[in-house]
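Novice: Supplied in structure tokens, the structure appears directly below.
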């Protein structure tokens, strides 16, 4: 999950509590990911046959573990693929839809499959058309420098009631399709 160990995640819309009380549509990013998304992820992770899926301990914050304690992303095996799930936050014309943050200028087939899931259930953020190549995310830079394949999935905006409604309405299918997109396996 994108946030653990009490890290609230994406800050809320203007006027909402600050980063320590991040809200959107009555919840925080961390709470939603840990209480709603993670149980579904674990359920479908058991269904794949040719891949082993391990969830980072939600009692820990991988960003803090990495940047403060020099563990987290520094301790992940180089043979591992890391997929991080997040919800975006903000206001304005582009504060809707999701995208996949990638570590190469061109998306992989897996990145395309993950973006397709977002497009199907929530819609893509018009600013990114499905992908954004980023090299300014410190935790992700540790993975990139170590040669670890990763994608960071921004599923939609927690501060956009339409995005959040779509995510909640289709959560089971989103998670199932995300697992299929990551492993390239079909879950019956």
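Novice: Among 118, 187, 158, which comes first, then next, by fewest other beta-carbon atoms within 10 Å?
Specialist: Final ranking by Cβ density, sparse to dense: 187, 118, 158.
Novice: Counting only the backbone N, which residues of the range 159-188 are under 17 Å from the spot 7 Å out from the Cα of residue 116 toward its beta-carbon?
Specialist: 173-188
Novice: Also, I was wondering about something else. Top mean-square fluctuation among 137, 124, 152, Gaussian network model of the chain, C-alpha springs under 10 Å?
Specialist: So, out of 137, 124, 152, the one fluctuating most is 137.
Novice: When the chain is treated as a GNM, springs tying every alpha-carbon pair under 10 Å, which of 81, 54, 159 comes out with the largest mean-square fluctuation?
Specialist: Maximum among the listed residues: 54.
Novice: Next up: Report the full-extension gain for the segment residue 132 to residue 187: residue separation times 0.36 nm, less the Cα-Cα distance, to one decimal in nm. Don't skip to the answer; put the middle values down first.
Specialist: Numbers: separation 55, 0.36 × 55 = 19.80 nm, distance 2.81 nm.
So the extension gain works out to 17.0 nm.
Novice: If neighbour count is taken as other Cβ atoms inside 10 Å, put 69, 85, 32 in order from fewest to most. Provide the component values of the computation, followed by the final result.
Specialist: Details: 69 11, 85 21, 32 25.
Ordered from fewest to most neighbouring Cβ atoms within 10 Å, 69, 85, 32 come out as 69, 85, 32.
Novice: For the chain, set up a GNM with springs between Cα atoms under 10 Å and report which of 130, 90, 24 has the largest fluctuation.
Specialist: Of 130, 90, 24, the Gaussian network model singles out 90 as fluctuating most.
Novice: Per DSSP H run of n ≥ 4, the term is -39500 (n - 2.57); total these for the chain, divide by its residue number, and report the mean residue ellipticity at 222 nm rounded to 500 deg cm²/dmol.
Specialist: Numbers: 7 runs with 61 residues, N = 188.
Here the helix-only value at 222 nm equals -9000 deg cm²/dmol.
Here, each number is a calculation from the coordinates, and none is a lab measurement. Just so we're clear, the structure is a prediction, and the values are computed from it rather than from any experiment. With ideal geometry, Cβ positions are generated from the backbone for all residues, glycine too; neighbour counts draw on all protein chains shown.
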